[in-house]
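The values are calculated or read from the model by the stated rules, or taken from the named source; none is laboratory data. Just so it is clear, the model here is predicted, and its values are computed rather than measured. Note that we place each Cβ from the backbone using ideal geometry, even for glycine, and neighbour counts take in every protein chain shown.
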Amino acid sequence: MTVNEAEYSGLILCFDLLEEQDRTRLVICDDSNLVIRQMKGEIDCKAPALTLLRQKALRQLGTWPAHDLLHVKRAWNASADSLASAALQLEAGVTVQEQDWDDLVTLNRLPEILTATTKETTLRISAMATRSRRKVPNQEVLQEDAVR
């Protein structure tokens, strides 16, 4: 699995996790400029595997009447970067202990730059994808382990 395939797989996982939620406004923040720009149609998606993943993600995004796609620089999303680094070192999923939760909240600077300007309910979910030298991805990495 390539890094970009992992990014798309993480996005699709987010949609799967949100399947039972009311279709209100959805804001997707991703540190992959490529995925965000391809999803917005700003750049072409030429790799066959990415094209299939992009099509699936676009179908799922289409079920949300109000949505935004935002590119977030990695420095503003240090909590996800921290989890990704830990998962990469372990080549497995990471279980967040209660005492580490506050550290992750502190590292996440997204609330500093993202402010809801509407009174409508907005769902918030963050995902991370990791790189691995494995040819077959470890599906346990892509699980909902810490959603609050």
> Can you pull out the residues in segment 9-29 that are surrounded by 14 or more Cβ atoms within 10 Å (Cβ to Cβ) and either in a loop (DSSP other than H, G, I, E, B) or touching a Gly at 6+ places or on another chain (Cβ under 8 Å) (or both)?
Replying inline: Leu18, Thr24
>> Looking at (1) hydroxyl-bearing (Ser, Thr, Tyr); (2) in contact (Cβ under 8 Å) with a residue 24 or more places away in the chain; (3) in a helix (DSSP H, G or I), which one does Thr63 not meet, given that it meets all the others?
In response: (3)
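Applying the selection to segment 30-39, what residues are surrounded by 15 or more Cβ atoms within 10 Å (Cβ to Cβ) and modelled with pLDDT of 85 or more? First the steps, then the outcome.
The first filter runs over segment 30-39 and keeps only residues surrounded by 15 or more Cβ atoms within 10 Å (Cβ to Cβ), leaving 30-32, 34-39.
Those that are surrounded by 15 or more Cβ atoms within 10 Å (Cβ to Cβ) and modelled with pLDDT of 85 or more: Ser32, Leu34, Val35, Ile36, Arg37, Gln38, Met39.
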